[in-house]
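Structure first, then comments.
The values are calculated or read from the model by the stated rules, or taken from the named source; none is laboratory data. Just so you know, these numbers come straight off a predicted model, no measurement behind them. As a convention, Cβ positions derive from the backbone with ideal geometry for all residues, glycine included, and neighbour counts pool all protein chains shown. Just so you know, the surface numbers come from the protein's heavy atoms only, side chains and all, with ligands and any DNA or RNA stripped out. Shrake-Rupley method; radii C 1.70, N 1.55, O 1.52, S 1.80 Å.
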Amino acid sequence: MNPLLLLLCILFLISGCAVREEFIPPEPNDAAFAPPDLDYSLPEAKHGSLYRHNYSMTLFQDRRAYRVGDVLTVLLNEQTQSSKKANTKFGKSSSIDFAVPTLGNKAFDDLSTSVSGDRGFDGAAASTQGNKLQGAITVTVHKVLPNGVLMIRGEKWIRLNQGDEYIRLTGVVRVDDVNRHNQVSSQRIGDARITYSGRGALADSNAAGWLTQFFTSPWMPF
């Protein structure tokens, strides 16, 4: 077999291991991010009252999300900045000289020699990364924990000319962190999972092909 053809076949075989895991965009209308099903049936009147427990408004309380099915606006304000730098340098040198050997009164000048060696290493690395996400998304309360913490979940899909963009968010939030406008900062959400991505022609053109991923992977020896 032609050596060049054999090399190409090997590259194609190992390229499958070199390609990064492909991101598969989700589909809208996922049941996991849909508002929870609620019981809208009228309650039975007990003790002469027509009000439903935990569903009435008070005169001294702001209208905030505090029960399953309530909506809550999350203000996305995420910004991270990381920087790392490392420098390493060391060296070592050594030398050995052998004197001219003599036998009696005769010197062997041709046998004189010396050995020397030098080793050195100088390495440097630097990495900087920054991310920023701003916006807003309205989510739904899916569960109220026994301690009053709200489990929220929701998504937002925006259809543009060349594809879709979506935001998904899950997490837990304290009722005390919700302001009087029924809003909470994303920095106040615990166990937050925020996903912002897209799909379509623009997202596909922004992804590297499998051959490019191979040449930028650790499998590439050069």
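Where does each of R153, R168, R199, R159 land when they are ordered by accessible area, with a 1.4 Å probe and the largest first?
Sorted descending by solvent-accessible area, the residues read R159, R153, R199, R168.
Proximity of backbone amide H atoms, modeled 1.01 Å from N, is registered between G135 and L76 at under 5 Å, excluding neighbours fewer than 5 places apart on the same chain. Working from label points 7 Å from Cα in the Cα-to-Cβ sense, the K89 to T73 distance is 5.6 nm.
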